[in-house]
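The values are calculated or read from the model by the stated rules, or taken from the named source; none is laboratory data. Every value quoted in this text rests on a predicted model; they were computed, and no experiment measured them. Glycine also receives a Cβ, built like all others from the backbone with ideal geometry; neighbour counts cover every protein chain displayed. Areas reflect the complete protein model, heavy atoms only, side chains present, ligands, DNA and RNA absent. Shrake-Rupley method; radii C 1.70, N 1.55, O 1.52, S 1.80 Å.
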Amino acid sequence: QLDLTLYADAAELTTEVIAQLLQSIEEGLAESARFDLALTGGTLGLAISKSLVEVLNQNLDDFAGLHIWWSDERFVESSSAERNALPFHGTLLNKNVVVHEVISSDAGSADAALKDYESLLSDVNLNLVILGLGPDGHVASIFPGRADLDNLNKVFLIEDSPKPPAVRISFTMAMINSAEKVWIVATGEGKAEAVTKIIEADLSIPASYVRGSH
């Protein structure tokens with residue numbers, strides 16, 4: 001079921017995403033004492049991550065049971081500005097929150113990073129995945145022509161990404177669609193065509209294959 005909401009600008013969208021995200025986390029933790037959240041990269045994704053870290057740090061006694069993942073990560077050094085998890089590096093003070101990162105290039109090989117992330121995710125049921133949207137309709141690091149719907153693994157390694165950096169580790173479409181809920185967030189005129197294709201269920205772009213399990 002597609003639920004489309006429009007906001008005035010990126011700032012308003014980020015504020016509303018954080019508000020709804022906190023409500024979802026609170027409800028999930030109250031129900032099952034654990035909430036698994038997958039964040040995203042990109043300009044908007046990083047803004048959401050930074051805002052989330054601020055809230056988590058303002059409530060140091062709360063959020064026990066919250067686990068944070070990333071739907072894709074660039075296989076670069078841990079200190080790289082291209083790292084999707086960078087907003088959490090040295091800034092998250094809330095010890096109740098468990099952060100699961102993909103191994104960086106300065107800590108191991110890409111194959112080792114893939115196997116480690118796959119292992120960490122082995123028994124995880126994602127409650128919510130937040131995805132950015134590329135102008136070409138890609139989500140996570142699933143680019144056009146690479147949806148690979150038959151891949152039932154949780155993650156995959158991409159070594160020739162059409163957008164740099166070339167090497168990335170990403171959720172598969174099967175992993176994304178196993179989540180209870182999936183939110184796709186996008187801003188700017190450059191994303192308008194991709195959003196229209198999602199609304200029209202145009203299967204020429206990966207984003208149109210995204211489904212939540214609930």
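So what are the ³J(HN,Hα) numbers for region 82-98, from phi and the Karplus equation (6.51, -1.76, 1.60; θ = phi - 60°), rounded to whole Hz, Gly and Pro as x?
7, 6, 5, 7, 4, x, 8, 6, x, 10, 6, 9, 6, 7, 7, 8, 9
Work out how much length L60 to S32 would gain on full extension: take 0.36 nm times their residue separation and subtract the Cα-Cα distance, in nm to one decimal.
Extra length available between L60 and S32 comes to 8.1 nm.
So how far apart, in nm, are the two label points at Q23 and V99 if each is 7 Å from Cα heading toward Cβ?
2.7 nm
Name the long-range amide H neighbours of I184: under 5 Å, sequence gap of 5 or more, or other chain; modelled H, no Pro or chain starts.
Hits under the 5 Å cutoff: L131.
With each run of n ≥ 4 DSSP H residues scored as -39500 (n - 2.57), what mean residue ellipticity at 222 nm is computed for the chain after dividing by its residue count and rounding to the nearest 500 deg cm²/dmol?
-9500 deg cm²/dmol
Antiparallel as a % of all DSSP beta bridges within the chain, to the nearest 5?
Approximately 35 percent, going by the DSSP bridge assignments.
With a cut-off of at most 14 other beta carbons within 10 Å, and DSSP calling the residue loop, which trypsin sites (Lys or Arg not before Pro) in region 74-161 qualify? Please list them.
Taking region 74-161 and a limit of 14 other Cβ atoms within 10 Å, the loop trypsin sites (Lys or Arg not before Pro) found are K95.
State which entries of K50/K197; K163/K191; K154/K191; K50/K181; K115/K197; K95/K191 exceed 25 angstrom in Cα-Cα distance in the structure shown.
Violating the 25 Å limit, Cα to Cα: K50/K197; K154/K191; K115/K197; K95/K191.
Of all the C-alpha pairs in the chain, what % are more than 21 Å from each other?
Of all Cα-Cα pairs in the chain, 51 percent lie more than 21 Å apart.
If we count every other residue with Cβ under 15 angstrom of G145's Cβ, Lys/Arg +1 and Asp/Glu -1, where does the sum land?
Every neighbour counted, the sum reads -2.
Antiparallel versus total DSSP beta bridges in region 83-195: what percent is that, nearest 5?
Around 50 percent of the beta bridges assigned by DSSP in region 83-195 are antiparallel ones.
Using θ = phi - 60° and the Karplus form 6.51 cos²θ - 1.76 cosθ + 1.60, what ³J(HN,Hα) does each residue of region 51-62 get, whole Hz, x for Gly and Pro?
Values per residue, Gly and Pro as x: 5, 5, 4, 4, 5, 4, 6, 7, 9, 5, 8, 10 Hz.
Given 20 °C and 1.002 mPa s, how large is the Stokes-Einstein diffusion coefficient of region 18-63 in µm²/s, with Rh as the Kirkwood radius over Cα pairs?
The calculation lands on 189 µm²/s.
On each of the three principal axes of the Cα atoms of region 1-81, give max minus min coordinate, whole Å, ordered largest first.
Reported extents, whole Å, longest axis first: 35, 34, 29.
Per residue, what accessible area does the chain have, given a 1.4 Å probe and all protein chains present, in Å²?
Accessible area per residue, the chain: 49 Å².
Can you give me the % of accessible surface on the chain that is carbon or sulfur? Probe 1.4 Å, all protein chains present, nothing else counted.
49 percent
If you take the beta carbon distance between D160 and A107 as r and set R0 to 30 Å, what does 1/(1 + (r/R0)^6) give as a FRET efficiency, to the nearest 0.05?
Here the calculated transfer efficiency is 0.85.
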